[in-house]
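Undergrad: Before we start, here is the structure in question, set down as structure tokens.
The values are calculated or read from the model by the stated rules, or taken from the named source; none is laboratory data. For clarity, every value in this text was computed on a predicted model and none was experimentally measured. Please note: Cβ atoms are built from the backbone with ideal geometry, for glycine as well, and neighbour counts cover all protein chains shown. Areas reflect the complete protein model, heavy atoms only, side chains present, ligands, DNA and RNA absent. Shrake-Rupley method; radii C 1.70, N 1.55, O 1.52, S 1.80 Å.
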Amino acid sequence: MRILVQKFGGTSVATAERRESVASKVSEAVHSGYSPVIVVSAIGRSGDPYATDTFLSMVKGICPDLPKRELDLLMSCGEVISGTILVSTLNSLGLEAVLFTGGQAGIITDKDFGDARIVRVEPGMILEQLAIGKVVVVAGFQGTTEDGQITTLGRGGSDTTASALGVALNAEAIDIYTDVEGIMTADPRIVEDARTIDTVTYNEICQMAYQGAKVIHPRAVEIAMQRNIPLRIKSTFSDAPGTLVTNMCPARGVGTDITSDRIITGIAHTPNVTQLRVLTGDVQDQHLTDKRIFKAMALADISVDFISVQPEAVLYTVRDEVASKAVQILLNMGFEPGVVPSCAKVSIIGAGIAGVPGVMADMVEALSDSGVTILQSADSHTTIWVLVHKENMVTAVQTLHKKFRLGV
Ligand code: ADP
Ligand code: MG
């Protein structure tokens, strides 16, 4: 059996016309000899009647802390609704389809309601249905704990469902269909001449996804990478080949993640972060003070990023929505943190950055010429990050895209 996983995002299933485009992608797969497993997201985006955010808004304000378990039950409905509608569409076109919830599809997760991790997939029921020629539709973004509680997988969770199924079913490929032509050199919503990337390695795309390119969830890339299952990101609404994500880049041979003729692959951005500067002073056991700060953040379940530990100071960022909680914790510890709210992290990513002199210099020069202040920077062998004020984010992304000539 040649299995193909096809995942369709919220905008792809939003209208009857769009669902016909989805059906034609499924039909093409069937006619090419594949047994397709379809993963769907909830219909539409915030504001649409059955979108996940709409469900959340229904209970918001009634009870300040509705248990996460119940929230997950609510949120899991969106994919079940879109899955049922898609099955109806497929059946009406003569493609016999069956719908499974995440749990029925054998997706077993841990108990972290709202952001559960898939621990295992038991794809027996899917295989049975494929064997009798059915198209299997799976509600994305959800699973079930060992004891049968419904969980959801966090933002972008349907991508993760698709990858986990691809690996469990040893699929030939995992196709992620969305509303753009593929993975682009920057978010096309802010960079007009962003170009679709033809081929890219798992590592590069993982970096881009972690740094905010929300076209694919990083966990989904990591899962596909474990088994080397090719990921393809394509548009539901065109026949363009999209982006192929593998370990290989044809121009570069196998596994040549490290060297590349392309220095920069793309630019990503994450808005809405707050920078905290904690002056720790000239204490004797600096490392103990630093440790205390990060332990306190971890205990409060606040994730920290962009950490810079200096002799008498610690700098780091947190998401805007948890900033006041983080500040309160620091005040309680006797610190008086400097707070820079509403920042954005802008990252340039490329396997070729390592060892190429001058990339940082070019970046600093371009940003300063555009009047963008760099609040903090860091680099690794594949990524350079800068923190800027949020109002400079779009300029920063556009400037760097131009500077590194990434456009069409
Ligand atoms: P879906 O509902 O199909 O999962 P998402 O909204 O999660 O779609 O992801 C698609 C969106 O990701 C695009 O509409 C685009 O604005 C955004 N995006 C951000 N960065 C990139 C990038 N580098 N390449 C392509 N799209 C990007
Ligand atoms: Mg998505």
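Undergrad: Looking for something in a strand (DSSP E or B), among the β-branched types (Val, Ile, Thr) and over 30 Å from Val346 (Cβ atoms) - is there at least one such residue anywhere in segment 84-103?
TA: yes
Undergrad: Which of the residues that make up segment 131-185 are without any contact (Cβ under 8 Å) to a residue 40 or more places away in the chain and in contact with a Lys or Arg (Cβ under 9 Å, 6 or more places away or on another chain)?
TA: Correct list: Thr145, Glu146, Asp147.
Undergrad: How many of the residues making up segment 167-176 are within 16 Å of ligand 1 (Cβ to nearest atom) and within 21 Å of Asp115 (Cβ to Cβ)?
TA: So the answer is 1.
Undergrad: Is segment 174-183 home to any residue that is charged (D, E, K, R), out of contact with any strand residue (DSSP E or B) (no Cβ under 6 Å at 6 or more places or on another chain) and farther than 13 Å from Ile233 by Cβ? Break it down into steps so the answer makes sense when it comes.
TA: Within segment 174-183, the subset charged (D, E, K, R) is 175, 179, 181.
With out of contact with any strand residue (DSSP E or B) (no Cβ under 6 Å at 6 or more places or on another chain) added as a condition, the list becomes 179.
Remaining after also requiring farther than 13 Å from Ile233 by Cβ: none.
No, segment 174-183 has no match at all.
Undergrad: Can you pull out the residues in segment 131-174 that are at pLDDT below 95 and either in contact with a Gly (Cβ under 6 Å, 6 or more places away or on another chain) or among the basic types (Lys, Arg) (or both)?
TA: Result: Arg155, single match.
Undergrad: Still on this structure, please answer the following. Kindly establish whether Val30 is over 18 Å from Ala139 (Cβ atoms), without any contact (Cβ under 8 Å) to a residue 60 or more places away in the chain and open to solvent by 20 Å² or more (accessible area, probe 1.4 Å). Explain how you work it out, then say what you get.
TA: On the way: over 18 Å from Ala139 (Cβ atoms): yes; without any contact (Cβ under 8 Å) to a residue 60 or more places away in the chain: no; open to solvent by 20 Å² or more (accessible area, probe 1.4 Å): yes.
Against the criterion (over 18 Å from Ala139 (Cβ atoms), without any contact (Cβ under 8 Å) to a residue 60 or more places away in the chain and open to solvent by 20 Å² or more (accessible area, probe 1.4 Å)), Val30 does not qualify.
Undergrad: Now for a different question. Here are Val39, Val22: which of them is in a strand (DSSP E or B), touching a strand residue (DSSP E or B) at 6+ places or on another chain (Cβ under 9 Å) and surrounded by 15 or more Cβ atoms within 10 Å (Cβ to Cβ)?
TA: Val39
Undergrad: Could you tell me whether any residue of segment 139-155 is under 30 Å from Gly407 (Cβ atoms) and within 12 Å of ligand 1 (Cβ to nearest atom)?
TA: The answer is yes; a qualifying residue exists.
Undergrad: Looking at segment 267-278, can you tell me whether even one residue there is among the charged types (D, E, K, R), within 16 Å of ligand 2 (Cβ to nearest atom) and at pLDDT 90 or above?
TA: Step one: list which residues in segment 267-278 are among the charged types (D, E, K, R), which gives 277.
Those still in the list that are within 16 Å of ligand 2 (Cβ to nearest atom) too: none.
Looking through segment 267-278, none of the residues is among the charged types (D, E, K, R), within 16 Å of ligand 2 (Cβ to nearest atom) and at pLDDT 90 or above.
Undergrad: Quick check on Gly182: is it under 24 Å from Glu70 (Cβ atoms), within 16 Å of ligand 1 (Cβ to nearest atom) and open to solvent by less than 20 Å² (accessible area, probe 1.4 Å)?
TA: On the way: under 24 Å from Glu70 (Cβ atoms): no; within 16 Å of ligand 1 (Cβ to nearest atom): yes; open to solvent by less than 20 Å² (accessible area, probe 1.4 Å): yes.
Answer is no for this residue.
Undergrad: Taking segment 60-81 only, how many residues are part of a helix (DSSP H, G or I) and either under 17 Å from Phe113 (Cα atoms) or touching a Ser or Thr at 6+ places or on another chain (Cβ under 9 Å) (or both)?
TA: Summing the residues that are part of a helix (DSSP H, G or I) and either under 17 Å from Phe113 (Cα atoms) or touching a Ser or Thr at 6+ places or on another chain (Cβ under 9 Å) (or both) in segment 60-81 gives 12.
Undergrad: Can you tell which of Ala51, Ala116, Ala139, Ala97 is open to solvent by less than 10 Å² (accessible area, probe 1.4 Å), more than 16 Å from ligand 2 (Cβ to nearest atom) and under 25 Å from Thr178 (Cβ atoms)?
TA: Checking each option against the conditions leaves just Ala116.
Undergrad: Another question, if that's okay. Kindly list, by first and then second residue, each pair from a residue in segment 207-233 that is among the charged types (D, E, K, R) and open to solvent by less than 60 Å² (accessible area, probe 1.4 Å) to a residue that is within 12 Å of ligand 1 (Cβ to nearest atom) and not in a strand (DSSP E or B), limited to pairs with Cβ atoms under 9 Å and residues at least 6 apart or on different chains.
TA: Arg219/Gly156; Arg219/Gly157; Arg219/Asp159; Arg219/Thr160; Arg219/Ala209
Undergrad: Test Thr161 against the stated conditions and say whether it is under 28 Å from Leu71 (Cα atoms), hydroxyl-bearing (Ser, Thr, Tyr) and surrounded by fewer than 24 Cβ atoms within 10 Å (Cβ to Cβ). Quick ask: steps written out before the conclusion?
TA: Numbers: under 28 Å from Leu71 (Cα atoms): yes; hydroxyl-bearing (Ser, Thr, Tyr): yes; surrounded by fewer than 24 Cβ atoms within 10 Å (Cβ to Cβ): no.
It is false that Thr161 is under 28 Å from Leu71 (Cα atoms), hydroxyl-bearing (Ser, Thr, Tyr) and surrounded by fewer than 24 Cβ atoms within 10 Å (Cβ to Cβ).
Undergrad: Continuing with this model, one more query. Based on this model, can you work out whether Ala296 counts as free of Cβ contacts under 8 Å to residues at least 40 places away in the same chain and in contact with a helix residue (DSSP H, G or I) (Cβ under 9 Å, 6 or more places away or on another chain)?
TA: yes
Undergrad: Let me ask you something else. Do we find that Ser12 is in a helix (DSSP H, G or I), of a type in the set (S, T, N, Q), under 22 Å from the mean Cα position of the chain (by Cα) and buried (at least 16 other Cβ atoms within 10 Å of the Cβ) in this structure?
TA: yes
Undergrad: Output the residues belonging to segment 261-291 that are within 16 Å of ligand 1 (Cβ to nearest atom) and open to solvent by less than 20 Å² (accessible area, probe 1.4 Å).
TA: Ile264, Thr265, Gly266, Ile267, Ala268
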